[in-house]
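Here's the structure, in structure tokens; my notes come after.
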Amino acid sequence: MNIAPTNHLAPIKSDILIVGAGVIGLAAAYELSKAGAKVVVIDKFEPGLGCSYGNAGWITPCFAMPLPMPGMLFKSFRWLLDPESPLYIKPEFSSTLISWLLRFLASMTEKKMLASVDALTQLSIQSLDLYKQLSMSTEKPFSFEQKGLFMVAQSDDGLKYARSEMELVARNGVPGKLMNEEEARAFEPSLTKRIKGGVFFSNEAHAEPLQVTQCLAHEAEKLGARILSKTEVIDFTLGSKGIQAARTTRGVFEAEQFVLATGSWSLRMGQTLGLNIPVLGGKGYAIITDPLTPNPQRPMMLVEKKVAVTPRNGTLRLAGTLELVNQDETFTTRRVEAIVRGAREFMNVPDTIRYHEIWRGLRPCTPDGVPIIGRTARYPNLIVATGHQMLGLQSATGSGKLVSDLTLGRPTDVDPKPYRADRF
């Protein structure tokens, strides 16, 4: 790509340049700055206003299931034909989509699923601990509350699934309690419609997503990091040791090491460097509405409808659905309506509800459901940190710690092998 120099100013230099100011990039910036590194973070948007903004707000190690699960093969084909299904694959002839789907199907084995659950759970457990520490030390609160997560089912199959998830994460020390219908209704009065029961995970937490990113940015800047918005990468300058600089719409940024935390843009960003980063955007939706009567007392997952329910201060967030698309950010009204109808099958959601806000965005999905966090063989001074599907906020602080440890050559708290960048 031949583009005239953006300006003639001297390059901005740092130890580490992080491309991407979502929750993953900011968590990495915080951890690296805490370790004494000189960090610069750039993003073409404002910090935290991308995919991180529309997160359900959960910090829940119990919710650590990868997208590809055993038995999903036939479900996937059925969902392909249903635009209102929890997971919709937009049909199109694309070599990128076909390659991703083949890897996705190959990951639907018991062995790979168990390994993925272990990897996601361990990263999430560490993240929960780090969020606790941050909530107690920061002067910029992010509405951190540890009220648990309630998985609620309206069918025998749904309750069986909730129980199997409880058993899976129990292998990694995440406690859960199975409840029948009577116990579930007494525990959560907002469940006014037909249900079979549920599983309550008592240790889980939630927070306000935008406040989380603002807190991480604040703490990183307090430690010396620079965070620059409206700074879009054009291309990179390469040298014998790897990447030398990033050319952007606001000048040249030189660094010793680089971190790509670019979410659903990672495929395209990787192509700029000649890398294959198999991340597809999974379009999700989040709705902010008036509280219900009665309003939920804690976050809930409505199992059959895959709808996330999060009570907030004076409002309620409903989030869900996933459309595997190729950078398509168009708005689909029927997907929003499907979320509301799904919630209405469990709770007193009025026929006419007031929308305070409707958000949609692209969640970065890898074909095996595990994020990519690690160095690339082609560029030894580049670390990729992307592909967290719907678990970006949930696993952000642990991911940031892993990025920091790998960048600085320190021992890691979690085994880095499941996340390695060269596994595809």
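The values are calculated or read from the model by the stated rules, or taken from the named source; none is laboratory data. What you are looking at is a predicted structure, and each value in this text was computed from that prediction instead of being measured. As a convention, Cβ positions derive from the backbone with ideal geometry for all residues, glycine included, and neighbour counts pool all protein chains shown. Only protein heavy atoms, including side chains, enter the accessible area calculation; ligands, DNA and RNA are left aside. Shrake-Rupley method; radii C 1.70, N 1.55, O 1.52, S 1.80 Å.
In region 105-126, what residues are in contact with a helix residue (DSSP H, G or I) (Cβ under 6 Å, 6 or more places away or on another chain) and in contact (Cβ under 8 Å) with a residue 60 or more places away in the chain?
So in region 105-126, the residues in contact with a helix residue (DSSP H, G or I) (Cβ under 6 Å, 6 or more places away or on another chain) come out as 108, 117, 119, 121, 123, 126.
Once the filter is applied, which keeps residues that are in contact with a helix residue (DSSP H, G or I) (Cβ under 6 Å, 6 or more places away or on another chain) and in contact (Cβ under 8 Å) with a residue 60 or more places away in the chain, region 105-126 yields A119, T121, L123, Q126.
What are the residues in region 48-66 that are crowded, with 22+ Cβ neighbours inside 10 Å and either of a type in the set (A, V, I, L, M, F, W, C) or modelled with pLDDT of 95 or more (or both), if any? Working first, answer last.
Taking region 48-66 first, the residues crowded, with 22+ Cβ neighbours inside 10 Å are 48, 50-52, 54-64, 66.
Listed by number, the residues that qualify are C51, A56, G57, W58, I59, T60, P61, C62, F63, A64.
Checked against the criterion of being over 24 Å from P311 (Cβ atoms), crowded, with 21+ Cβ neighbours inside 10 Å and of a type outside the set (D, E), the candidates A377, A396, A385 yield just one match: A385.
Note on region 14-36: among residues that are out of contact with any helix residue (DSSP H, G or I) (no Cβ under 7 Å at 6 or more places or on another chain) and under 20 Å from L130 (Cα atoms), the one that is surrounded by the fewest Cβ atoms within 10 Å (Cβ to Cβ) is G36.
So is T96 modelled with pLDDT of 90 or more and open to solvent by less than 60 Å² (accessible area, probe 1.4 Å) or not? Talk me through it step by step, then tell me what you get.
Numbers: modelled with pLDDT of 90 or more: no; open to solvent by less than 60 Å² (accessible area, probe 1.4 Å): yes.
It is false that T96 is modelled with pLDDT of 90 or more and open to solvent by less than 60 Å² (accessible area, probe 1.4 Å).
Go through (1) at pLDDT below 95; (2) more than 28 Å from S99 (Cα to Cα); (3) hydrophobic (A, V, I, L, M, F, W, C) one by one and return the number of the condition A343 breaks. Just one mismatch for A343, condition (1).
For region 332-361, which positions are in a strand (DSSP E or B), open to solvent by 10 Å² or more (accessible area, probe 1.4 Å) and hydrophobic (A, V, I, L, M, F, W, C)?
Quick first cut of region 332-361, residues in a strand (DSSP E or B) only: 347, 355-361.
Imposing the further condition that a residue be open to solvent by 10 Å² or more (accessible area, probe 1.4 Å) reduces the set to 355-360.
Hits for region 332-361 are I358, W359.
Among the residues of region 408-424, those identified as open to solvent by 10 Å² or more (accessible area, probe 1.4 Å), assigned to a helix (DSSP H, G or I) and touching a residue at least 60 places away in the same chain (Cβ under 8 Å) are L408, P418. Taking region 147-189 as the range and being among the small types (G, A, S) and either surrounded by fewer than 20 Cβ atoms within 10 Å (Cβ to Cβ) or under 27 Å from the mean Cα position of the chain (by Cα) (or both) as the test, the residues that pass are G148, A153, S155, G158, A162, S164, A170, G173, G176, A186.
Quick one: count up the residues across region 8-59 that are β-branched (V, I, T) and part of a helix (DSSP H, G or I). Write out each step before concluding.
Our first condition is that a residue be β-branched (V, I, T); within region 8-59, this holds for 12, 16, 18-19, 23-24, 39-42, 59.
Cutting the leftovers down to part of a helix (DSSP H, G or I) gives us 23-24.
The qualifying residues number 2.
When G251 is tested against (1) farther than 23 Å from G387 by Cβ; (2) open to solvent by 10 Å² or more (accessible area, probe 1.4 Å); (3) touching a strand residue (DSSP E or B) at 6+ places or on another chain (Cβ under 7 Å), just one condition goes unmet, and that condition is (2).
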